[in-house]
Amino acid sequence: MDTKLTVKLDGYIIERAKTYAKKKNTSLSKLIETYLGFLIEPSDENEVTPLVKSLSGVVTLPKDFDSKKSYKSHILKKYSK
């Protein structure tokens, strides 16, 4: 059952939120309802999204791959120009 709620918000925030909702093809009410739902519903923070599941196994790395060393090398190359 839908119930009406009156909320006072900053006009600038409302206009920006309306623009965002329009870009997402939804209503401001639905956007707020969804957000509040995320706040009150317990979620599994370790849940893997379908996108991440689809990307699993795309890259195969050697067993001795050192991600910290690789990242450091990348950063040094990127910023030492």
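Every read-out reported here was derived from the displayed coordinates using simple, explicitly stated rules and does not represent laboratory data. Note that the structure is predicted; figures quoted are calculated from it, not measured. Here the Cβ positions follow ideal geometry from the backbone for every residue, glycine too, while neighbour counts run over all protein chains shown.
Values computed for the structure shown
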| quantity | calculated |
| --- | --- |
| Rounded tilt (10° steps) of 67-79 against the dominant C-alpha axis of the chain | 80 degrees |
| Qualifying GluC sites (Glu not before Pro) for the chain [loop in DSSP, other Cβ within 10 Å: at most 15] | Glu45, Glu47 |
| On Cα atoms only, tilt of 28-40 relative to the major axis of the chain in degrees | 60 degrees |
| Peptides 57-67, 20-30 ordered by average Cβ neighbours within 10 Å, highest first | 20-30, 57-67 |
| Answer label for log10 I(q)/I(0) by the Debye sum over Cα atoms at q = 0.11, 0.16, 0.20 Å⁻¹ (calculated), chosen among (i) -0.67, -0.87, -1.02; (ii) -0.54, -0.73, -0.88; (iii) -0.25, -0.55, -0.89 | (i) |
